[in-house]
Amino acid sequence: MTYQEFVKSTENRQRYWARSMMAWPYMSTRPPTTSHHEIEKLRGLKVKHIITQNVDGLHWKASPDYPHNNEPSWLTELHGTLREVVCLDCKAKFDRDSVQELMVIDNPQWVIPQHLYTAAYFENLRADGDIEWQKIPPYTEFKLPTCFYCNSSNLKPDVVFFGESVDKTIVQRCFKNVEESDGLLVVGSSLTVFSSYRFIKHATALNIPIAIINVGETRADSDPVLKIEQPVGKVLQSVVKKLTKTE
């Protein structure tokens, strides 16, 4: 769903939040992958800052900062995070779990039995927490959550939807991180969207070395980069092993 679609009508927001409510118990409990854990090990060795396009919070979950410090200084979540919700009217932000509790109380007919929360059942889960689901009530019956401060129902996950732009202060902070680095490592990204590719262009202009670990084409393949086209997890494990021996 684009940002324009989300704000266009109440029914569109009902559709998003109903599906998000059903998917959240699974989405919020997904564990970090091997790659997340290996990147966290690299952070203790060579990597000083992580910029992620993902909104699932798994880099945070793989770190010692989880669960208490949810805004670690070493992590920039470029497109926001699903673990927070923002009110489009008063701009207040609050925890996604508290919104989930409110929606479950107000919409018991949308609650999915616990035994159905399996990976196979959620194979159509989307990156923004939306999910395709069968045999559900009409979306117009879903009661939207409201802001804890101004009581508005114009709530949105604190992520950058298609059709939105990344906050300029976040972009500038990322540029500064690139400028202060002696190398840029891209892990598991095709760099299709410009919001991330711009940092490749910035590093190139500054003659900062760039390495990309990704299976398949990337937008930066024609740029002056070192491309490693192998499974991310295995490459990262190898890098961590070699760096650990030299420390």
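Note down the relative contact order for the chain as a percent, whole number, built from C-alpha pairs under 8 angstrom at least six residues apart.
Working: 331 pairs, mean separation 52.5, N = 247.
About 21 percent, as a whole number.
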Exercise. Once the Cα gyration tensor of region 3-114 is found, what semi-axes does its equivalent ellipsoid get, as square roots of 5 times the eigenvalues, in whole Å, sorted largest first?
Worked result: 30, 17, 12
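For the chain, give the share of DSSP beta bridges that are antiparallel, in percent and rounded to the nearest 5; count only bridges with both residues there.
On the way: 8 of 18 bridges.
Around 45 percent of the beta bridges assigned by DSSP in the chain are antiparallel ones.
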For this session: Please list, in chain and number order, the residues 5+ apart from VAL186 or on another chain whose amide H is under 5 Å from its amide H, with Hs placed from the backbone.
Result: ALA211, ILE212, ILE213
Exercise. Label TYR66 and LEU116 with points 7 Å out from Cα along Cα→Cβ: what is the distance between them in nm?
Worked result: 2.7
For this session: With +1 on each Lys and Arg Cβ and -1 on each Asp and Glu Cβ, and nothing else charged, work out how big the dipole of the chain is about its Cα centre, in Debye to the nearest 20.
Result: 440
Problem set entry | Helix 168-179 vs. the chain, principal-axis angle (Cα, 0 to 90°, nearest 10) | 20
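What relative contact order, as a whole-number percentage, does region 1-129 give when Cα pairs under 8 Å and 6 or more residues apart are counted?
Details: 113 pairs, mean separation 35.8, N = 129.
Once divided by the residue count of region 1-129, the mean separation gives 28 percent.
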Seminar exercise, completed: Any residue on another chain or 5+ positions along whose placed amide H is under 5 Å from the amide H of GLU84 is listed here as ARG96, ASP158
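Where does each of ASP95, ASP158 land when they are ordered by accessible area, with a 1.4 Å probe and the largest first? If you can, show how the numbers build up before the last one.
Values: ASP95 75, ASP158 30 Å².
The residues order as ASP95, ASP158, largest area first.
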Exercise. What is the magnitude of the charge dipole of region 31-104 about its Cα centre, with +1 placed on the Cβ of each Lys and Arg, -1 on the Cβ of each Asp and Glu, and no other charges, expressed in debye to the nearest 20?
Worked result: 340
Problem set entry | Nearest-10 value in Å² for the accessible area of GLU71, using the 1.4 Å probe | 130
Problem set entry | Range of Cα positions in the chain per principal axis (Å), largest first | 58, 38, 34
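Based solely on its DSSP helices, what 222 nm [θ] is calculated for the chain when runs of n ≥ 4 H residues each add -39,500 (n - 2.57) and the sum is averaged over all residues, nearest 500 deg cm²/dmol?
Rounded to the nearest 500, the figure is -11000 deg cm²/dmol.
If you count only protein heavy atoms with a 1.4 Å probe, what accessible area per residue comes out for the chain, rounded to a whole Å²?
Working: 13510 Å² over 247 residues.
Per residue, the chain has 55 Å² of solvent-accessible surface.
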Problem set entry | Under 19 Å from LYS61, Cα to Cα: lysines that are on another chain or at least 8 residues apart | LYS41, LYS48
Exercise. How far apart, in nm, are two points set 7 Å out from the Cα along the Cα-to-Cβ line at LYS93 and at LYS201?
Worked result: 2.7
Seminar exercise, completed: With Rh as the Kirkwood radius over Cα pairs, region 129-247 has Rg/Rh of 1.13
Seminar exercise, completed: For region 178-247, Rg(Cα) over 2.2 N^0.38 Å is 1.14
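The values are calculated or read from the model by the stated rules, or taken from the named source; none is laboratory data. Model, not experiment: these values are computed from the prediction. Counting neighbours? That spans all protein chains shown, and the Cβs are built from the backbone with ideal geometry, glycine included. Protein only, heavy atoms only, side chains kept; ligands, DNA and RNA dropped before computing areas. Shrake-Rupley method; radii C 1.70, N 1.55, O 1.52, S 1.80 Å.
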